[in-house]
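Structure provided below as C-alpha cells; questions to follow.
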Amino acid sequence: MEQEPVTGRVVALQANFCRVRLDRDGPGQQLELLCVRRTRLGKSGQQVHVGDQVSLDGIDWTAGRAAVSRLFPRSSRLLRPAVANCTRLLVVVALAQPEPDPVQITRFLLAAEATDLQVELVLSKIDLVPRPGLEAWLVRLKGWGYDPIGLSVATGEGLEALRQRLAEPGITVLCGPSGVGKSSLLNALIPALQLRVAAVSGRLQRGRHTTRHVELFALGPEALLADTPGFNRPDLPLDPSRLAALFPEMRQALRSGACRYRNCLHRGDPGCCVGTDWDRYPHYLQGLEELLATGGSGAGRRLPEQEVQAERPEVRLDRRQRQPSRRRLRQSEQEGLSPPSPTD
Ligand code: GDP
Ligand code: ZN
C-alpha cells in the first residue's frame, strides 16, 4: 500500500532541530514532531525557516521524532522576523500613547503594502479615548481602504474580533511603531507566551536575555501567528511609479477609471482619474516628491533571477542584512522596509 507522505509546517527552530506541526494529526492525535534537519537540505543551500512547509520521513511516532526530507517552495519570505510563507501583516497603531499620526500610520501602511502581502489594521488602546474619537478614526481609515479593528488589551474589547480575523488560513506577522502595544497584544492572543515569560524569568532571573528564534502559534486550524513583531521604522519604496499602488484608495480609483496619460503620477495632472480631493493626497504628494528628489526610480532593487525563481516574492524587512553590492542594487522593487532604529 502506497503511503501518503507526512507533511507539516515548521513552527519553531531549536538548535539542530525544528518543531513541525503536522498537516494531519498522527496516531493518538499527535500534533507535532521534533525533527532533525537532513544535511542535504543544507548542502543544496536550502535553509529551513519557521513557516516552511516540509515533508518528513524516518518517523518515530512513539518518540515523537522525525527528519525533514523536503522543503516546499515558498510564497514569500520575511527577513525580520525570519518567516517563510507569511501571508498577512497586521499593522498596529495606537489611538493614544503614542498619539495617532496620519503621516506615521501611512508610512507603516505603505511599507506593509509594499510587501504584496495582505494588510490588516488594528487601532489599539481604545480604552484611552472617548468613543467619538475612535469612531472618527474608524471612518477615516475606512476611507483609506482598510477595515480596521479597534481594540484594547486592557479591557479585552475587540480581541475576539481580531482573533476571528487572524483565524483565517495563513501566517500573520505584527508590525507597528514602538509603544503601541504589540507585545501586549501578542501576549493576549497567545496565552502560551505569558507562561514562557514566567518560566524564563523564574529560572534565569529578571533582566537576563535569552536569544531565541521566532515561533509560530496556532490561532485556527490553518492559521498561525508569529510571536515576534516585524519592522518598526518603515521607509518608502524606491520607485515613484509604484507608490500609487500602495494606497488602496488610489488602487480603487485606478481600477474604475484611467488617467489621460499612461505615465500619470497623479499630481493633479489634466485628465487624472484620481484627482486631488482625497484625505491622503498630501501624504501621497509628499512621498512622491521625496522619491523624485532622491532619484528613486533608478535604484529599484531587483533580485538575481535564480533567487526570484526559488522564492518569490522576496520580502525584505531588514536593510542591515543587505550588502551594498551592484547585485543588490538591482533587487526587487518591493522595497521600502527599513531597519530598526538602534534605539528601539
Ligand atoms: P510595543 O512596544 O508595541 O510592544 O508595546 P507594549 O506592548 O510594550 O506596550 C507599551 C505600553 O502600552 C505598555 O505600558 C502597555 O502596558 C501599554 N498598553 C498596551 N496595550 C494597552 C491597552 O490596550 N490599553 C492601555 N491603556 N495601555 C496599553
Ligand atoms: Zn493620474
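Since every read-out is calculated from the coordinates, none of them should be taken as a lab result. Here the structure is a predicted model, which means the values were calculated and not measured. Reconstructed Cβ throughout: ideal geometry from the backbone, glycine too, with neighbour counts over all protein chains shown.
Determine the principal axes of the Cα atoms in the range 4-133, then give the extent along each, sorted from largest to smallest and rounded to whole angstroms.
Per principal axis, max minus min of the Cα coordinates gives 58, 34, 27 Å.
Give the peptides 255-268, 160-173 in descending order of average Cβ contacts within 10 Å, highest first.
160-173, 255-268
Quick one: which residues, 5+ away or cross-chain, put their amide H under 5 Å from the amide H of Ile171? H built at 1.01 Å from N.
Thr87, Arg88, Leu224
Same structure again: Using the crude model of +1 on Lys and Arg Cβ and -1 on Asp and Glu Cβ, and no other charge, please compute the dipole size for the range 49-196 relative to its Cα centre, in debye to 20.
Magnitude of the dipole: close to 240 debye.
According to the Kirkwood expression over distinct Cα-Cα pairs, how big is the hydrodynamic radius of the range 6-72, in Å?
Evaluated over the range 6-72, this radius sits at 11.5 Å.
Could I ask something else about it? Hey, can you rank 219-225, 137-143 by average C-beta count inside 10 Å, highest first?
Ranking, from highest mean packing down: 219-225, 137-143.
Nearest 5 is fine: what % of DSSP beta bridges in the range 83-226 come out antiparallel, could you say?
If we restrict to bridges inside the range 83-226, about 20 percent are antiparallel.
If you take the charge dipole of the range 83-226 about its Cα centre, with +1 on Lys and Arg Cβ and -1 on Asp and Glu Cβ, which of Tyr146, Gly220, Val83 is farthest toward its positive end?
Going by the charge dipole, the pick is Val83.
Oh, and also: Would you give the gap between the C-alpha center of the range 99-149 and the C-alpha center of the range 214-230, rounded to a whole Å?
Taking the Cα centre of each part, the range 99-149 and the range 214-230 sit 22 Å apart.
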